[in-house]
Amino acid sequence: MTNSPFARCRPYFDLFYKYSQIYNVPAILIASFANQESGCNPGTIGGGDEQGMMQITPDKCGGAPNGNCLDPDFNIRTAVAYFAGELTRHNGSILHTIGAYNGWYEGMTVPAATAAANTSCCRCQQNLDYIHQMCNGWIQGVDAYALNMGTYFNLRVCDQPRPTSSAAPAPAPTK
């Protein structure tokens, strides 16, 4: 397992199995979301203030123990309960539900998905490679990030330096 992308998730296997049984969501799928969202790092806070290993949105943090949405048990349970509810809402369509986990919706267009790219919350855009990375990467036991899996790579724009008003060109020197 040392070469598996799931090795880093080992401390959370018991929680993945626990909530897999409760919500009837395969543990491998839960671990795949944890890898996709945070690399199984429970301390991750996303660019849109998403919380914890499963990157749940702040509106889902009510009831967190001592207000700690990063708590792995709470974070995983909340994410799996959300996924299970979305799976029911999407009539068992796993692809629709994986997309919904990333904020996708029926009729979403590329411009709508990437609208946040030029805002202060660049990482709030939907990852256009999300379903590909999940289904052809993580769920198959393949590190989608290490293999650079994707087609759109729309989130890369967020890693580019952003011009600011202080980045205006300096005036030409005078004689």
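Relative to the longest principal axis of the Cα atoms of the chain, helix 13-23 runs at roughly 70 degrees.
To the nearest 10 degrees, how steeply does helix 27-38 sit against the main Cα axis of the chain, on a 0 to 90 scale? Here the helix axis deviates by roughly 20 degrees. With Rh defined as the Kirkwood radius, the inverse of the mean 1/r over Cα pairs, the Rg/Rh of the range 1-71 is 0.98.
Taking all C-alpha pairs of the chain, those more than 21 Å from each other amount to 52 percent.
How would you order 48-56, 98-106 from highest to lowest mean count of nearby Cβ atoms within 10 Å?
Numbers: 48-56: 22.0, 98-106: 17.8.
Descending packing order for the listed peptides: 48-56, 98-106.
Computed per residue of the chain from DSSP H runs no shorter than four, each worth -39500 (n - 2.57), the mean residue ellipticity at 222 nm is -10000 deg cm²/dmol.
Report, in degrees rounded to the nearest 10, the 0 to 90 angle that the Cα long axis of helix 72-89 makes with the longest principal axis of the chain. On a 0 to 90 degree scale, this one is about 80. The range 28-72 and the range 93-154 have Cα centres spaced 17 Å apart.
Each reported figure results from applying straightforward, stated rules to the coordinates on display, with no laboratory input. These figures come from a predicted structure and were not determined experimentally. Cβ: placed from backbone, ideal geometry, glycine included. Neighbour counts: every protein chain shown.
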